[in-house]
1. Quick one: P(r) of the chain from all Cα-Cα pairs, 5 Å bins, percents rounded to integers, in order of increasing distance.
2. Tell me which of 170, 157, 115 sits at the most positive position along the dipole axis of the chain, charges placed on C-beta atoms (Lys, Arg +1; Asp, Glu -1).
3. How much net charge surrounds residue 125 when only other residues with a Cβ under 13 Å from its Cβ are counted (Lys, Arg +1; Asp, Glu -1)?
4. Please tell me the relative contact order of the stretch 1-122 in percent, rounded to the nearest whole number, where contacts are Cα pairs under 8 Å and at least six residues apart.
5. Shape call for the stretch 20-63 from the C-alpha gyration tensor, a ≥ b ≥ c root eigenvalues: rounded (a/c under 1.5), prolate (a/b greater than b/c) or oblate?
6. Determine the shape class of the stretch 117-161: with a ≥ b ≥ c the square roots of the Cα gyration tensor eigenvalues, call it rounded for a/c under 1.5, and otherwise prolate if a/b is greater than b/c, oblate otherwise.
7. For a protection proxy built on the mean count of beta-carbon atoms within 10 angstrom, sort 83-94, 159-170 highest first, please.
8. Considering only the stretch 72-183, what is the antiparallel percent among its DSSP beta bridges, to the nearest 5?
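Throughout, read-outs are computed from the coordinates displayed, never taken from laboratory work. Not measured: the values here are computed from a predicted model. Note that each Cβ is placed from the backbone with ideal geometry, even for glycine, and that neighbours are counted across all protein chains shown.
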Amino acid sequence: MAGKPRVGVLALQGDVREHVRVLQGLGADARPVRRPDELAGVDGLILPGGESSVIDKLARAFGMREPLCAAIADGLPVFGTCAGLILLADRIDGGIEGQQTFGGLDARVARNAFGSQTASFETDLDVPALGAPLVHAAFIRAPVVVEWGPDATPLASLPDGRVVAIEQGALLGTAFHPESTGETRFHARFLDRVRVRSGAGAPAL
Ligand code: GLN
């Protein structure tokens, strides 16, 4: 089946519009996802940046937590940025009382890892899997990956060695926000996974 990959952006809270714009620019059929029936209609999902504890609570309130966990376990390609990376991780440090994640990524992620002194910063990252040029990355109250399992592969680290991008099968996570700096290569990599999953080839001309 050729055609545009259908990709959802979880739209409970966070920077949904930026992701929709990048996905549309890459030729995807991108739409916000708030309800289980909307989730059932997509071949891939982005978990945006925002506030992971709020997205967790809203997902439970909207009956989205279980369908999301089930879809991820079933192999749905998912790309999480910042709060989205936290929500993808099986284990978190620094969650609020009772905070849960959707899980799927065999990793432990520390929330707000840069403290209040350097809550936000931008830097250029070498991401060998993406090649040249360097990735200009914006970190906003960002997490880091502190531990990962054998099936997960770190894609990028800061100069101090802390891992800020990681991949495991159809799951991709970045501690920073490619959607806000014009960086499209992570989204393109994610869309490749979505096309494999959906059986959609190159867009029909
Ligand atoms: N600090 C936020 C959290 O814990 C993440 C920040 C972001 O997504 N920019 O969810």
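1. Over the chain, the share of Cα pairs per 5 Å bin runs 1, 8, 17, 22, 22, 17, 9, 3, 1, 0, 0 percent.
2. 170
3. -3
4. Once normalised by length, the contact order is 21 percent.
5. It is oblate, given that a/c is not under 1.5 and a/b is not larger than b/c.
6. oblate
7. Going from most to least packed, we get 83-94, 159-170.
8. 70 percent
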